[in-house]
C-alpha cells in the first residue's frame, strides 16, 4: 500500500497535501523528507499543510517521534467537520477501545496547534487562489478532496476516495474496511469519479499506485484508473 502526499508550489506558497508518517510509521515509509531534499526543499520551506482527513497515515507526519513539528513554519488547513468529530472528548470517551487510539493520535498531532497556525475551513470553500475544497464524506465524517485549477487545466487530489483503484474504482460500490460510513463513501466515490470523467481531470490519490496520478475512465459499471506514462 503506497502512501503519497502531494506538493503544490504556487509562487512562494508551498502546499503539502497530507503528511504520511514522518519517522512514526512502518519501515518502508518516512521518505518524504528525502524526496523534498531531492527537489531542493527543506521541511521548513513548507508554509501550508492541507489535511484531507484525520486517519493516522495522513496526520502522523505532522510531528516526529519526539513530538516536534516537522513543518514548523506551516499553517495547517483542516476541514472543520473532521476536526470537530475527532476533537470531541465525549465522542472519544464513548468510542470502542480499539478506536480510542485514533482519537489520541489526533490530539498528539494537532491538539496544541493554536493561534493562526490551525486554519479551519468548511468543505466547499476556496482555501487559496486556484484551490477549492470538495466535500467527500463517508471515508471519515469530514473527508475532503481538493481541486486545483490553473491556465485551463484541472487536477484533483482525491485523498482516500478509493484505497486500491484496481479494486474500488472498478467496483465503486465495494467498501474498504476503513470507510467509517460505507454507504456515504460509496455515494461520494461515484460522484467524484463522475466529476473526474466528465471534466477530463487529472487526479492523484494518496494510495494510488506509482506514479500516483493519472486519469479516470468509465469501465463497465465502474471506472478504470489510467496512470500517466513514466
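The values are calculated or read from the model by the stated rules, or taken from the named source; none is laboratory data. Quick caveat: nothing in here was measured; it's all calculated off a predicted structure. Note: ideal-geometry Cβ built from the backbone for every residue, glycine included; neighbour counts use all protein chains shown.
Taking the stated definitions as given, is residue 61 part of a helix (DSSP H, G or I), under 17 Å from the mean Cα position of the chain (by Cα) and surrounded by 17 or more Cβ atoms within 10 Å (Cβ to Cβ)? It is true that residue 61 is part of a helix (DSSP H, G or I), under 17 Å from the mean Cα position of the chain (by Cα) and surrounded by 17 or more Cβ atoms within 10 Å (Cβ to Cβ).
Only one of these is under 16 Å from the mean Cα position of the chain (by Cα), at pLDDT 95 or above and part of a helix (DSSP H, G or I): 83, 77, 53. Name it. After ruling out the rest, the residue left standing is 83.
Scanning the stretch 2-44 for residues that are under 18 Å from the mean Cα position of the chain (by Cα), more than 17 Å from residue 59 (Cα to Cα) and touching a residue at least 40 places away in the same chain (Cβ under 8 Å) yields a total of 1. For the stretch 143-177, a residue qualifies if it is more than 23 Å from residue 124 (Cβ to Cβ) and in contact with a helix residue (DSSP H, G or I) (Cβ under 9 Å, 6 or more places away or on another chain), and the qualifying residues are 168, 169, 173, 174, 175, 176. Out of the residues in the stretch 129-146 that are in contact with a strand residue (DSSP E or B) (Cβ under 7 Å, 6 or more places away or on another chain) and under 13 Å from residue 15 (Cβ atoms), which is surrounded by the most Cβ atoms within 10 Å (Cβ to Cβ)? Here the residue is 146.
Only strands (runs of 3 or more DSSP E) whose full extent lies in the stretch 156-230 are considered here, and the ones with at least 3 residues that are more than 24 Å from residue 141 (Cα to Cα), in contact with a strand residue (DSSP E or B) (Cβ under 6 Å, 6 or more places away or on another chain) and touching a residue at least 12 places away in the same chain (Cβ under 8 Å) are 213-219, 222-227.
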